[in-house]
Each structure stands twice: as C-alpha cells, then as structure tokens.
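To start, the structure itself, in structure tokens.
Since every read-out is calculated from the coordinates, none of them should be taken as a lab result. Only a predicted model underlies this, so the values are computations on that prediction, with no experimental measurement involved. Methodologically, a virtual Cβ is constructed for each residue, glycine included, from the backbone with ideal geometry; neighbour enumeration extends over all protein chains shown.
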Amino acid sequence: MKNTLSIIGLFFILGISFVTPASNEVFASSKENNRLLVKFVSEDGSEFIESISKEEFELLNGVEVLQPDFIRYAAIEKANAPSVSWGKERIGAKKIAEKLVPGKGSVIIAVIDTGVDYTHPLLKDRIVAGYDVIKNTSDPVDVHFHGTHVAGIIADSTPANVKIMPIRAMNEKGEGYDSDISTAIRFAVDNGADIINLSFVGEDYSQYLADALHYAISNNVLVVVVAGNNGADTANYFPASEKSIIVVSATDQNDNSASFSNTGEAIDLSAPGVGIVSSLPGNRYGSLSGTSMAAPFVSSIAAMIKLNDPTRSIKDIERLLKKYVDDRGAVGWDPIFGEGIVNVASYDEPRSASADVAGMDFSDFISLPSVRNVPLTKEWHIEFTQQLSTKDVIDVHVFRGSDAVPIRLRSNIENKEIIATPIFPYAASTSYKLVIRVKNGKSYQMDFHTGD
C-alpha cells in the first residue's frame, strides 16, 4: 500500500497525527431501548409510522405498537497499535482496478453509519451528497469516528469513480435506532446508491428494518453487512442473520478467523478485519479491528465488479463475489469463512453485450425522433411488424451517459411488443438514450429528455 504509506508519512511531517481511538470510545455502548415504533392514522385515513418514547406512548390512546425501536451499534472490537495496512492487497483490489477502464462510469456506495469526515484528504474528492437522518440536514458530519474509518477503507481500495454517499443514522456513541437506519436505507436507494454498507449489528430481529433491507434488494441495490464481533452465532443477531444480503466475517493477517468474529449459517464471505489502517476525523489515520472493517472491503470489490459491467444485477455481483475467493476452513462453504476470503487478484470476467453498448459508436444505428418531457416512470412500448418468436434475440437498454440504467423488460407476444420499464424513476430534467438491437437485424437508438 505504497500510496497510503507515503501520505501517512507526509502527514507526520505536517504534524497531523496517526492515532488509535481511546478504548472507552470504542466500547461505549448503551443498548437499553426506550423507544417504540407506533402506527398512527391521520385525519384523511392514511397510516404512518413514528418512533416515540415510552413516556410519550403512555400519554396516547388507541395507537398500535408495531415493535420496539431497537438499537444497533457499531461493530468495532478493539483498538490496535498502528500498523501497515494490509487489507486491500489481501483481497486483490489493485489487480481488479487495473482491469477497469480508467474513469469510465461510476458506482455509489452508501455508508450508513456515524457520518463521515468528508474534509479528510483521503475522502474529500470521493463524496456525493448525503444526509443526516437524525438531525434531518444535508450535513452528515461524523460525530464519532467509525463512519470515517469505514469510508476510508472504501476510498483506499477503489478507483476515484467509486463514490461514497455518507448518511448519518448513528450517534456519538456509535449507536442508532432502527427507525433512523431504515430511513437512511430508503434515502440511499431513492438517491442513486448502488451498494449499501452497514457496519453495525444488534441482538433483536426487526421486521421494520427487514422491510427496509428488502426495499433495497427489490430496487437492485446490494446490501453488505457485518457478522458482528461477539464470537457467537449470527442467528442471534440482526441484520447479521438476514440471508438475503451479504454477511461478512473477519480474518487476520494469517488468514485465521478473527477471535471476535461471529459465525453461522448466514455468513457469505470473509475479509480482512484485524489491524486495518484507515482515515479518522481531523486528518488523522488509525488502526482498528472489527467486522466493521471487513464489510467495506467486500463493498469495495462489489463496486468494482459493478464498474466492470454496470448492467450486472445484485445476484450477478453476489455470484462473482463468491466465485473469487480463497477457500479456508472446510472445503466449500462453511459457517466461519462462508465461501472463503474474497480475493479478486485473478478476476477475469467478460462484460456482457449490454455493457458493451455503452462504448459503442452509434453512427450506424437508425436514429428515431427524440422525445422531450418524458415522465419519470415512462414505460416504452416497442412494437414489431412481425410476430416475435423464441429465436428472435432483441436487446433493449437505457443509458444515462455511459452508465446503464436498470430497467425491467416484459414481452407481450399477442401485441408483438416488448415493454421496458425503469426499475426506479428516471432523474428529472436529464438526457437518456434508448438502445434497441436486433440480432441479425437492424439497430436503433433514440434520445429522450425527462421533464421536471
């Protein structure tokens, strides 16, 4: 990690410190829960959910309690003496980065955490607009240190076109309520995140939080979470027990499972999580351990797999994450390492035909008349003059610049048409390109611009 070490050396000269957070900061955790998620009915009959204190609930009548508003906490095990960072080399991050087209496309990782020190030299050029859920502001500054450390691992492991969306949903103790975390997840999905990193854990299952996770999945947003640091079974922790998302355990420099790392049936992958050097607030660097440090390494690799082919679904990304591993423990999957320690040093995957469209010369395409003021949820009905058969191969894609836009395709054989629908709404006042390619036939392209 020569680049980072040279930066650290420069900061020593300038008098900016390389530190380890005090242990009382790391272990601070008051998980006593005093809030409830309650369903209210407005005057017009619509329902909404709010988090209120137990004292407030006692003053109300006729409201339905859905569940406690459980508390999650940052998954840091302990502070360590500063050491040379080793994680990104172990997972082959540099090797896969070399296979990417420089500067082509972008991927956004939402870091839902204690906020991020977006002024840090390692991070300041990597940030997109974020949100502070707790204060309801657009200034997600780190109030702890955990989020800045997690974001730094991502920034150090990926090229500059992997961007970080900082969302603060946890307080100065590294704790956050399900209500705030769920709001943060939905904000990330609705504002263009491709991947969500959740480096926290808790003891209680939450249907409310599970619904938010499933909202992300249904919108093709990959969710990566920590296994937790209790040396216990993930079955007793959430969201670490959620099998529909990527759950990551931690390993040390000898490829052993970290002594603190949770294990269990939900484990998908493992990654470095002991003695990881990264950014801290105030232009500092420090070394921390925890499954909190392992998850962002996996998020980083997932982002580069997405950069390699922006049309890949989260299932495709998960498959490739599990393909490129170093198997440890029992042969194949096991409850300690999952499929193994992620390692993409040998990554060699062809881009799909749809991904190649983004770099094509459209001069040979038949141009259809452009359209303006397109609704943000517009369905495109593509009609054909002859009956479609199973032998016809027709590619339909939408691009914003060089980035593929996720769409859902369905065919209506009776009406001789294919219907293309955006998975989530188009951005307002934005230009797009609809591309239609027919195997052994003609290719078409149409520019369209959305309304306000």
field: Peptides 144-155, 239-250 ordered by average Cβ neighbours within 10 Å, highest first
entry: 144-155, 239-250
- request: Can you find, among Thr311, Gln445, Asn161, the residue farthest towards the positive end of the dipole of the chain? Put +1 on the C-beta of Lys and Arg, -1 on that of Asp and Glu.
  value: Gln445
Electrostatic dipole magnitude of the range 102-149 [Cβ: Lys, Arg +1; Asp, Glu -1; Cα centre; debye, to 20]: 220
Around Phe57: net Lys/Arg minus Asp/Glu count, Cβ-Cβ under 13 Å: -3
task: Find the centroid of the Cα atoms in the range 257-296 and in the range 171-199, then give the distance between the two in whole Å.
output: 19
- request: With a/c under 1.5 counting as rounded, go ahead and sort the range 123-163 into rounded, prolate or oblate using the C-alpha gyration tensor (a ≥ b ≥ c being the square roots of the eigenvalues; past the cut-off, prolate if a/b is larger than b/c, else oblate).
  value: oblate
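Listed highest first by mean packing, meaning other Cβ atoms within 10 Å per residue, what order do 39-46, 253-260 come in?
253-260, 39-46
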message: Using helices alone, I'd like the mean residue ellipticity at 222 nm for the chain: each DSSP H run of four-plus residues gives -39500 (n - 2.57), total over residue count, nearest 500.
response: -6500 deg cm²/dmol
query: Quick one: which of 47-54, 197-204, 336-343 comes out on top by average Cβ neighbours within 10 Å, and what's the full order, highest first?
result: 197-204, 336-343, 47-54
- prompt: How far apart, in nm, are the 7 Å Cα→Cβ label points at Lys315 and Phe362?
  reply: 2.9
message: Charges on Cβ only, +1 for Lys and Arg, -1 for Asp and Glu, centred on the Cα centroid of the chain; of Val107, Ser261, Val150, which one is farthest towards the dipole's positive end?
response: Val107
field: Which listed pairs, of Lys124/Lys163; Lys104/Lys322; Lys54/Lys243; Lys94/Lys306; Lys306/Lys442; Lys163/Lys306, have C-alpha distances above 20 Å, in listed order
entry: Lys104/Lys322; Lys54/Lys243; Lys306/Lys442
query: Using unit Cβ charges (K, R positive; D, E negative) and no other charged atoms, how large, in debye to the nearest 20, is the dipole of the chain about its Cα centre?
result: 1640
statement: The farthest towards the positive end of the charge dipole of the chain, of the residues Phe362, Tyr432, Trp86, given +1 on Cβ of Lys and Arg and -1 on Cβ of Asp and Glu, is Phe362
